[in-house]
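Comments concern the structure below.
The values are calculated or read from the model by the stated rules, or taken from the named source; none is laboratory data. Predicted model, so just to flag it, every value in this text is computed and none were measured. No Cβ is skipped: glycine too gets one built from the backbone with ideal geometry, and neighbour counts run over all protein chains shown.
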Amino acid sequence: MNSCACHARDTANAPSCLAHVPVFAQLREAEVELLHSVMRTSQYPKGETIFREGDLSDALFVVNRGIIKLTKLEDNGKEHIIRLLFPGDFFGQFALLQEKPHYASAIAADTTGVCRIHRSDFLDILRRDPDTAARFMTALSAQLEEADAWAAVLTLLEADRRLAKMLLYFRRKAAPNSREFTLPVSKKELAGLIGATPETLSRKLRQLSDDGVLTVSRRQLLLRDEAALRHLAGEA
């Protein structure tokens, strides 16, 4: 990890990380104990950089709590969010299989807990257990499909549909059993995420509010008509 991570506080092993991630959900007791022995956690305050684009990595990272922004620098020097990671999401997986640098920077969007397993330890576990290796490859495939779907949202759909899909995604990740949820990023960052100007985003949120679909109060949202939002997102 780079020098930015030195501010993070290492804590005890974190079994909850294993419970969050589907690829680890069906592990046998012996496998769980082995992973616990090699897994470490770090806490990052809001705004802390976990690693930077171009840094080399030798670990698999798992989001235990909080939200992480994956960002890339544009040619003009501005930071662009390419993806958000929520509890249970993992990253750094390609560095486990190939010694390649990170393709993006990872920044804590709020107080965040991250578990990590070093490359040599994780590969050793995969070699010992073909079932775990198969589940890991399945999880990688699912993550790639999600990344493709995310890219399609950002490039192929109109702004109204991009916004609707993003709001439904945030709700599924942050509060799947509630009609109330909090935007995980600022409205300015959300605008950049869906490829719109802040003014356009404000106008579209206001329209959704006027139409009775959402109630918006700063970053707090109340979903009043889920069917209408799903229809707008093309998911109905």
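Computed quantities for the displayed model
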item: Given (1) in contact (Cβ under 8 Å) with a residue 60 or more places away in the chain; (2) within 11 Å of the chain's Cα centre (by Cα); (3) under 22 Å from Arg40 (Cα atoms), index of the condition Phe91 fails; result: (1)
item: Residues of region 161-179 that turn out to be crowded, with 17+ Cβ neighbours inside 10 Å and hydroxyl-bearing (Ser, Thr, Tyr), as a count; result: 1
item: Residue match in region 108-127 (condition: polar (S, T, N, Q), without any contact (Cβ under 8 Å) to a residue 60 or more places away in the chain and crowded, with 20+ Cβ neighbours inside 10 Å); result: no
item: Residues within region 117-162 that are in a helix (DSSP H, G or I), within 18 Å of Ala196 (Cα to Cα) and at pLDDT below 80, tallied; result: 7
item: Among (1) at pLDDT below 75; (2) outside any helix (DSSP H, G or I) - the single one Ile107 does not satisfy; result: (1)
item: From the options Gly77, Gly92, residue that is surrounded by 20 or more Cβ atoms within 10 Å (Cβ to Cβ), at positive phi and out of contact with any Gly (no Cβ under 9 Å at 6 or more places or on another chain); result: Gly92
item: Spans of strands (runs of 3 or more DSSP E) in region 20-88 with at least 3 residues modelled with pLDDT of 90 or more and under 13 Å from the mean Cα position of the chain (by Cα); result: 68-73
item: Scan of region 180-212 for residues that are exposed (fewer than 14 other Cβ atoms within 10 Å of the Cβ) and under 21 Å from Ala227 (Cβ atoms), ordered by number; result: Glu180, Arg206, Gln207, Asp210, Asp211, Gly212
item: Count of residues meeting criterion [surrounded by fewer than 14 Cβ atoms within 10 Å (Cβ to Cβ) and under 23 Å from the mean Cα position of the chain (by Cα)] in region 227-236; result: 2
item: Sole exception among (1) at pLDDT below 85; (2) touching a Ser or Thr at 6+ places or on another chain (Cβ under 7 Å) for Val114, by number; result: (1)
item: Condition met for Leu96 (modelled with pLDDT under 80, in a loop (DSSP other than H, G, I, E, B) and closer than 17 Å to Ile117 by Cα); result: no
item: Total residues in region 58-84, condition without any contact (Cβ under 8 Å) to a residue 60 or more places away in the chain, over 22 Å from Lys173 (Cα atoms) and of a type in the set (Gly, Ala, Ser); result: 1
